[in-house]
Amino acid sequence: MGNSLFRNSGDGTFHDSSASAGVGMGRWSWSSDAWDFDHDGFPDLYVANGMLSGPSRPTGVEDLNSFFWRQVVAKSPEEAKPSHDYEQGWNAINELIRSDGTWSGFERNVFYANNRDGTFSDVSGAVGLDFIEDGRAFALADFDHDGRLEVFLKNRNGPQLRVLKNVVEGLPPSIAFRLRGRKSNSDAICKPVQASFPSTAKKCFSAWEKPKALYERQFAGRVGWCRNFTTSRPITEFGLKRVSNRRGWNPSRHRDRAIANLLPSSRKKLTACLPRLKPGCSYLFPLRTFLLPT
């Protein structure tokens, strides 16, 4: 078993970059998602793992994972018709589970930090997200509106729910956008968003006249969609470390402006100019509107 990360080639195709990115380690995965944990502008990855953990932790020989692949998957019929061996395999593994067997259990969740060069590092234990329960799903939301996403983790066994708060000190600010559609897609689900920031606070006013020359920071995001057993909220967030670390941009002093580019299904770019954006805040504006800077 193993996880796969497919990188978009930009030409309508994808290529498998699991090994080169360092995320191919295989466990019994249920749910995964990407978000900017440290607000550096690069998405990090989290994977919830674990099938069924018994009362005690078995050795590798006693785990039912090998039995499943040998006696169930290997005997799965090629055609959609009954198979005695296949049914017997399922009956056997179900009986072993009822006898307190462990099937790919005690597998910790994994958190990969983005190294900003196309690779990831496993920092699960360092950030405190390597829980050993049988994870099933998790959702992301800024529950307390502090600009940091909380993780709501659902497990099969106890504790069945964990609410995890990001308490990293000195975290750069973030900004969030929520879109409101005017037709059937009222939450603008799956609409891409790009946030572009002028190069310095002094150039904010001229940035609107020469956007191609001055927009040097773009962060791509997508409004929430349905995931395995969970549904994310229709808000997209951007970490501002790459912006706030630049000379001449201080979010607490300048409260710089930004551009939010909406890319509807028509592929026509719609630009909304949002004045005096404050890091740590969320913004809601309707689609098909054009807001002039003030």
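Hey, quick one: spin label on Thr119, modelled 7 Å out along Cα-Cβ, who in the range 1-26 has an amide N within reach, i.e. under 15 Å? Counting backbone N atoms under 15 Å from the label point, the list is 17-25. Per-residue 3J(HN,Hα) values for the range 130-135, derived from phi via the Karplus relation 6.51 cos²θ - 1.76 cosθ + 1.60 with θ = phi - 60°, read 8, 5, 9, 5, 6, x Hz in sequence order (x marks Gly and Pro). Counting only protein heavy atoms and a 1.4 Å probe, tell me what percentage of the range 68-117's accessible area is made up of carbon and sulfur. Carbon plus sulfur share of accessible area: 46 percent. Of interest is the spacing of the C-alpha centroids, which for the range 101-166 and the range 1-49 amounts to 14 Å. Between Asn8 and Ser20, the distance separating the two model label sites (each 7 Å from Cα on the Cα→Cβ line) works out to 1.8 nm.
Each residue of the range 168-173 was assigned a 3J(HN,Hα) from its phi angle through the Karplus expression (A = 6.51, B = -1.76, C = 1.60, θ = phi - 60°), giving 5, 7, x, 5, x, x Hz with x at Gly and Pro.
Annotation: amide H of Arg180 within the under-5 Å range of Phe285, Leu287, sequence separation 5 or more or interchain, hydrogens built in the peptide plane.
Distance between the pseudo-spin-label points of Arg57 and Ser184 (7 Å out from Cα toward the beta carbon): 5.1 nm.
The values are calculated or read from the model by the stated rules, or taken from the named source; none is laboratory data. All of these numbers come straight from a predicted model, not from anything done at the bench. Virtual Cβ from ideal backbone geometry, glycine too; neighbours counted across all protein chains shown. Accessible surface is based on the protein model in full, side chains and every heavy atom, while ligands, DNA and RNA are left aside. Shrake-Rupley method; radii C 1.70, N 1.55, O 1.52, S 1.80 Å.
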